[in-house]
Amino acid sequence: MLLYSLVVNLATVFDKGVFFIINIIIARYLSIDHFGEYVTALGYATFFSVFTDIGINQALVRAVNLEQKFEREYFGTTLALKALLSLVVYGVMALSLRFTNYSAATVCLTLILGVVRIGNVYLSSFYALFDAKQRFFITSFLNSSFSFSFLCGTLIVILYRGDYFDLAYVRAAIVIVYIAAVAALTFMNYTVRFRASMVRGFAAQTLPFTLAAVFSNLYQNAGILILSMMHGATSAGIFNNGNIFLVSLFFIPGNLNRVLLPYLYRYDYRFHREKFQFAHDLYAKIYAVMAMYIFITLFFFAHEIIVYVFGGKYAASVSVLRIAAFGVPFVFTVAGAIVTALDLQRYATRFQGITVVFSIAASCVLSYFFKAEGAALAMVLTYGMNFFLLNRFLMRNRYIEFRRTLTVYGRLVCIAAVLYLLVRFVYSFLAVSALYAVLVALLLLTKDDIRIVKETIGLKWK
């Protein structure tokens, strides 16, 4: 399980790293105004693209693992449903643009990037099948090559001095080519079946995941749309360049949970409670240590990061980054995966519904008064709300014992406080990192952790 987690995360680090580099290149290449329009269009298209999936991928993973004899029918149903949704969602997105105050250029960009984002979500249907069958190496290779193609396309456009429309057209062409290639590869080696009688049953299975996906999309992406409509595309660009450091980290818990879910689905909680507890304790500790280090880095060195990465023209993003850093510990949580593995997704969906209402209200109020900084604060509070509701549910119903996890969080807060006091005297990233590693080893590393590492990498120590 941890080996798969390592492989998936290494591949996704490359994938996200490449897209992060692409964002940097585009931000430096375009003017602040043009970059703001590009980000606004991409954000709008991303918001609608999520409705193309609405939890179907998660339902496919669950169905393939629980009812393996019907996996080909479930996959065929998935492709059919997502094809229909893709057409409907794109049409709704195009129609909705008539009611925005976006410029003509932003509207055209959104229509092009809508093909990119919706096409990418459709492509993920094939990746979901590979994940369900634990073919993580195939998914990792395809994702990595896909992102590398985007990077090459971006560099070619810049080399020939193209504009942001050329960037959008190249991305759309790459997505279309990949959909055709991956579909051909899959159909050559895998027989897909479609049974109309299964559509209603599969759609019913997706309902808890559907609502969760819709709610998650709303509270993750509504902020930048609200900000752009209130204060224009330039403010959206400033927000993006600070918030992107937080958004780019979603893949870490997402990928670890992606590997964890198929593993836990195979066990009945009533008879294997210790496996759920062990998975929670292990993942929660790993997440907490990573999250606190990332928070310290982003918060302490926000100015240097923004200026070095995006240039001085985006100095206004520094405060956005410092605020967004507080959201990292809330994003790094295993609670959602545990609730899903317990087949209690309906409760997670309720919590996300509460979070959505809170998120939209907070984004409207805080963005109106504090612009990009307000939008960032609204995002942090939103992630904090979801984190609190999920963990409180597991704790209150005694599905998971939290004593060890709370101890880990308490010690990490103390470590962060110590480093905050010392960084004023030793303002060095390497020194802070080294000291953090030493304090974590002294206060958190146990014999069980060392044993798990040995077993994971297969070493036999005398």
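A compact table of results
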read-out	value
So Leu84, is it free of Cβ contacts under 8 Å to residues at least 12 places away in the same chain and more than 30 Å from Gly201 (Cβ to Cβ)	no
Residue check for Leu97: farther than 26 Å from Asn243 by Cβ and surrounded by fewer than 21 Cβ atoms within 10 Å (Cβ to Cβ)	no
Flag for Tyr399 being modelled with pLDDT of 90 or more and either of a type in the set (A, V, I, L, M, F, W, C) or closer than 20 Å to Tyr283 by Cα (or both)	yes
Pick from the stretch 174-190, criterion of a type in the set (Ser, Thr, Tyr) and in a helix (DSSP H, G or I), ranking: farthest from Leu79 (Cα to Cα)	Tyr178
Residues of the stretch 356-371 satisfying the condition of being among the β-branched types (Val, Ile, Thr), surrounded by fewer than 19 Cβ atoms within 10 Å (Cβ to Cβ) and in contact (Cβ under 8 Å) with a residue 60 or more places away in the chain	Ile360
Exclusive hit being at pLDDT 90 or above, farther than 26 Å from Phe239 by Cβ, surrounded by fewer than 14 Cβ atoms within 10 Å (Cβ to Cβ) and not β-branched (Val, Ile, Thr), set Leu419, Leu430	Leu430
Hits in the stretch 154-188 - residues which are crowded, with 18+ Cβ neighbours inside 10 Å and without any contact (Cβ under 8 Å) to a residue 24 or more places away in the chain	Val157, Val170
Glu37 at pLDDT 90 or above, crowded, with 18+ Cβ neighbours inside 10 Å and acidic (Asp, Glu)	yes
Residue match in the stretch 275-297 (condition: touching a residue at least 40 places away in the same chain (Cβ under 8 Å), assigned to a loop (DSSP other than H, G, I, E, B) and not basic (Lys, Arg))	no
The stretch 299-309, residues that are in a helix (DSSP H, G or I) and either without any contact (Cβ under 8 Å) to a residue 24 or more places away in the chain or surrounded by fewer than 23 Cβ atoms within 10 Å (Cβ to Cβ) (or both)	Phe299, Phe300, Ala302, His303, Glu304, Ile305, Val307, Tyr308, Val309
Residue match in the stretch 396-415 (condition: in contact (Cβ under 8 Å) with a residue 12 or more places away in the chain, under 30 Å from Ala204 (Cβ atoms), buried (at least 17 other Cβ atoms within 10 Å of the Cβ) and in contact with a helix residue (DSSP H, G or I) (Cβ under 8 Å, 6 or more places away or on another chain))	yes
Single match in Gly17, Gly55 (criterion: among the small types (Gly, Ala, Ser), in contact with a Phe, Trp or Tyr (Cβ under 7 Å, 6 or more places away or on another chain) and at pLDDT below 90)	Gly55
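Residue-by-condition table, conditions (1) modelled with pLDDT of 95 or more; (2) more than 21 Å from Glu37 (Cα to Cα):
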{"position": "Gly162", "(1), (2)": "no, no"}
{"position": "Val170", "(1), (2)": "yes, no"}
{"position": "Ile179", "(1), (2)": "no, yes"}
{"position": "Asn189", "(1), (2)": "no, yes"}
{"position": "Val192", "(1), (2)": "no, yes"}
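Residue by residue, here is whether (1) surrounded by fewer than 19 Cβ atoms within 10 Å (Cβ to Cβ); (2) not in a helix (DSSP H, G or I); (3) not hydroxyl-bearing (Ser, Thr, Tyr) holds:
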position: Phe48; (1), (2), (3): no, no, yes
position: Gln58; (1), (2), (3): no, no, yes
position: Val89; (1), (2), (3): no, no, yes
position: Met93; (1), (2), (3): no, no, yes
position: Asn101; (1), (2), (3): yes, yes, yes
position: Cys108; (1), (2), (3): yes, no, yes
position: Val116; (1), (2), (3): no, no, yes
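The values are calculated or read from the model by the stated rules, or taken from the named source; none is laboratory data. Since we're looking at a predicted model, the values are computed, not measured. Using ideal geometry, Cβ is built from the backbone for each residue, glycine included, and neighbour counts are taken over all protein chains shown.
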